[in-house]
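The values are calculated or read from the model by the stated rules, or taken from the named source; none is laboratory data. No experiment lies behind these values; they were computed from the predicted model shown. Cβ atoms come from the backbone with ideal geometry, glycine included; neighbour counts cover every protein chain shown. For accessibility, only protein heavy atoms count, side chains too; no ligands or nucleic acids. Shrake-Rupley method; radii C 1.70, N 1.55, O 1.52, S 1.80 Å.
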Amino acid sequence: MDCHPHLRYVRNRDGKTADELFEENHLRLRKTAQRESIEMINSIIVVATLFCTVNYAALFTVPGGFDQNSGVPVLNKDNTFYKFIVVVYSAILCSFISLSALLSFQRSAFYVEEFYISLPLKASAASICLMLAGIFTVTASALALILESKRVNSFILLCLLPGCSLD
């Protein structure tokens, strides 16, 4: 509420303070905001969960696959592979932070005081982290494509060497 601090405790002729009047006049608006926010948060939670799930799966299905004998990734000697791993971990972390902030926002009691700092901070943190998770996911996809094209190009070069057969 926007008023001088000393006026918040002054009572009007009905005996109500500015805070009491604000809560009374905006109760219906607060309830509507609570309902609409929870509905919106539910759909965004699905998106954050999908980001987390996709990146978690990408972590275990690395581009190039695994060596059958040693079990290490085939492309682990490439610097792009380590960039891929870091970007995927970053995407998982951002989507997890976003999911945590969204669940905290959803479980909030929506008191009047929370509308000043707590709820906007949670919504902002969730939005920023979800956007970063999306950026990291797209970057990881591009890095995976680069890694796969390197693997395919090296396979083609090996097959063009004399004495190589595709059998």
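Quick notes
- For the chain, relative contact order (Cα pairs under 8 Å, six or more residues apart, normalised by length) works out to 23 percent.
- Residues in segment 61-125 average 59 Å² of solvent-accessible surface per residue, probe 1.4 Å, ligands and nucleic acids excluded.
- Electrostatic dipole magnitude of the chain [Cβ: Lys, Arg +1; Asp, Glu -1; Cα centre; debye, to 20]: 160 debye
- Protection-proxy order for peptides 9-19, 54-64, each taking the mean of Cβ atoms within 10 Å per residue, highest first: 54-64, 9-19
- Accessible-area composition of the chain, carbon plus sulfur, in percent [1.4 Å probe]: 66 percent
- Reported label for calculated P(r) over Cα pairs in 5 Å bins from 0, in percent given (1) 2, 9, 20, 24, 22, 15, 7, 2, 0, 0; (2) 1, 7, 13, 15, 17, 17, 14, 10, 4, 2, 1, 0; (3) 1, 8, 12, 12, 11, 9, 8, 7, 6, 5, 5, 4, 3, 3, 2, 1, 1, 1, 0, 0: (3)
- Taking θ as phi - 60° and the Karplus parameters 6.51, -1.76 and 1.60, the scalar couplings of segment 24-35 work out to 5, 6, 10, 5, 5, 5, 5, 5, 5, 4, 5, 5 Hz in sequence order, x denoting glycine and proline.
- For the chain, built as a Gaussian network whose Cα springs stay under 10 Å, the top-fluctuating residue of 136, 22, 81: 22
- Less than 5 angstrom separates the built amide H of residue 66 from those of 74, all sequence-distant by 5 or more or on a different chain.
- Karplus-derived HN-Hα couplings along segment 10-17 (A = 6.51, B = -1.76, C = 1.60, θ = phi - 60°), whole Hz, x at Gly and Pro: 7, 9, 8, 5, 8, x, 10, 7
- Rounded to 10°, Cα long-axis angle of helix 118-160 versus longest principal axis of the chain: 10 degrees
- Rounded to the nearest 10 degrees, the inclination of helix 79-106 to the longest alpha-carbon principal axis of the chain is 20 degrees.
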